[in-house]
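**Student:** Structure below; questions to follow.
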Amino acid sequence: MVRAAAWEPAEATTPDADPQRRATDLARFLSGRHTLVLTGAGLSTPSGIPDYRSPGSPPRTPMTIQMFLSSPEFRRHYWARNHLGWRYMDAARPNPAHRTIAELEAAGAVTGVITQNVDMLHLKAGSKRVLDLHGSYGRVICLDCGHRLSRYALDDALVAANPGFRDRVAGRGAIEVAPDADVVLEDTASFVTVACPECGGILKPDIVYFGESVARDVVDRAYTMVDDADALLVAGSSLTVMSGLRFVRHAAKTGKPIAILNRGATRGDGLAELKIDHRCEEILPAATTSMHTVA
């Protein structure tokens, strides 16, 4: 199960007219069902986290596992950028879409979340049953021995190895934040990386890079979550990569109703009984309000 390298911005579309009516349509879909939610980057862009696929996003070259493993110099370049960017992601806060999903879970209408995002915003919003399909920016893993440590612990080590680095970069002016806890930074030659504290091996963010496979046990847990739900709601994902699309196809194959809420077209539109082209942070809160009247 490979996270394919697909990062061209999507074609711009016109959002659906009458968002209140579309929110009512979603409320009808959700009412009386235990729904699993599959989320993507479009759910987190209102929290200030850029993505690869939203219409109007600048073309980007995302991290691939081949790039990361290619040389110590490339890993140094990556970790220097991540050393700055992960704090930006850590400071991001849930938006109304995240909070609404957590509220629906607490009310029993949502059974859980499979998220393609690595930003931990569902957990920050209060969701309890969250499966991080592509990992989390908050963890680091050793590729040699499998040891895991928190990104906060690694930050302490990188600060000690690179005194004053953040201040020097900040002194150059504003930096551009990129997706996946990264920033745009060219001059990284002076940056010092650190090795695994257990074995001296290569450390990597516990994130599924493009071209890398999602762990089999994570895939199995995701299928089980689909099977256990009455319906599936896709929120903020174009379903461009197969790692998310296959769960929509599985839901359709097993006869589960599917709704898709996303800005722009998705690869799953033909499988959905309800497709809404609008912003998640507007439609989801309005839908929960409407559920009280359509129930």
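The values are calculated or read from the model by the stated rules, or taken from the named source; none is laboratory data. The structure presented is a predicted model; accordingly, all values stated were derived computationally and were not measured. FYI the Cβ positions are ideal-geometry reconstructions off the backbone, even for glycines, and counts take in every protein chain you see. For accessibility, only protein heavy atoms count, side chains too; no ligands or nucleic acids. Shrake-Rupley method; radii C 1.70, N 1.55, O 1.52, S 1.80 Å.
**Student:** Per DSSP helix of 4 or more residues, -39500 (n - 2.57); summed, then divided by the residues of the chain. What does that give at 222 nm, rounded to the nearest 500?
**Tutor:** Values: 10 runs with 111 residues, N = 295.
Calculated mean residue ellipticity at 222 nm is -11500 deg cm²/dmol.
**Student:** For Lys204, Lys128, give the ranking by accessible area with the largest first, probe 1.4 Å.
**Tutor:** So the residues, ranked largest to smallest area, are Lys128, Lys204.
**Student:** Given a 1.4 Å probe and every protein chain left where it sits, what share in percent of the accessible area of the range 14-154 is carbon and sulfur?
**Tutor:** It is 53 percent, rounded to a whole number.
**Student:** To continue, here is another question. In the chain, which cysteines lack any other cysteine Cβ under 4.7 Å from their own?
**Tutor:** Cys280
**Student:** Ok, one more. Using a 10 angstrom cutoff on alpha carbons, build the Gaussian network for the chain and name the most mobile of Ile101, Ile202, Ile260.
**Tutor:** Residue with maximal mean-square fluctuation among Ile101, Ile202, Ile260: Ile202.
**Student:** If each of Glu11 and Lys124 carries a label point 7 Å out from its Cα toward its Cβ, how far apart are those two points in nm?
**Tutor:** 3.4
**Student:** Which semi-axes, in whole Å and largest first, does the equivalent ellipsoid of the range 69-168 have when worked out from the alpha carbon gyration tensor as the square roots of 5 times its eigenvalues?
**Tutor:** They are 31, 16, 11 Å, listed largest first.
**Student:** For an R0 of 51 angstrom, estimate the FRET efficiency from the Cβ-Cβ distance between Tyr152 and Thr289 and round to the nearest 0.05. Please list the in-between numbers first.
**Tutor:** On the way: r = 37 Å, r/R0 = 0.73.
The pair Tyr152/Thr289 has a calculated efficiency of 0.85.
**Student:** Taking the alpha-carbon centroid of each part, what is the distance from the range 206-264 to the range 66-114 in angstrom?
**Tutor:** 17
**Student:** At a probe radius of 1.4 Å, what is the per-residue accessible area of Met242, in Å² to the nearest 10?
**Tutor:** Approximately 50 Å² for this residue.
**Student:** Let me ask another. Students often get this wrong, so try it: which of (1) 1.03; (2) 0.93; (3) 1.43 is Cα Rg over 2.2 N^0.38 Å as calculated from the structure shown?
**Tutor:** Entry (1).
**Student:** Turning to a different aspect of this structure: Among Val194, Val110, Val248, which one shows the highest mean-square fluctuation when the chain is modelled as a Gaussian network with alpha-carbon springs under 10 Å?
**Tutor:** Most flexible of the set in this elastic network: Val194.
**Student:** Next question. By how many nm would the segment from Tyr223 to Arg76 grow when fully extended, if each residue of separation counts as 0.36 nm and the alpha-carbon distance is taken off?
**Tutor:** That pair, Tyr223 and Arg76, stretches by 49.3 nm at full extension.
**Student:** Further, regarding this structure: At 1.4 Å probe size, what's the solvent-accessible area of Cys199? Round to the nearest 10 Å².
**Tutor:** Only protein atoms counted, so the area is about 70 Å².
**Student:** Accessible area per residue, 1.4 Å probe, Å², for the chain: what's the number?
**Tutor:** Per-residue accessible area for the chain comes out at 42 Å².
**Student:** Report relative contact order for the chain in percent, whole number only (criteria: Cα-Cα under 8 Å, sequence separation at least 6).
**Tutor:** 31
**Student:** Okay, moving on. Leaving ligands, DNA and RNA out of it, work out the accessible area of Arg21 with a 1.4 Å probe and give it in Å² to the nearest 10.
**Tutor:** Here the residue's solvent-accessible area equals roughly 120 Å².
**Student:** So for each of 134-144, 28-38 I average, over its residues, the number of other beta carbons within 10 Å; can you give me the resulting order with the highest mean first?
**Tutor:** 28-38, 134-144
**Student:** So, in nm, how far is label Thr64 from label His34 when the simple model puts each one 7 Å beyond its Cα toward the Cβ?
**Tutor:** Modelled inter-label distance: 4.2 nm.
**Student:** Something else now. Would you kindly derive the ³J(HN,Hα) couplings of the range 123-130 from the backbone phi angles with the Karplus curve 6.51 cos²θ - 1.76 cosθ + 1.60 (θ = phi - 60°), listing them in order in whole Hz, with x for Gly and Pro?
**Tutor:** So the Karplus estimates, Gly and Pro as x, are 5, 4, 7, x, 5, 9, 9, 10 Hz.
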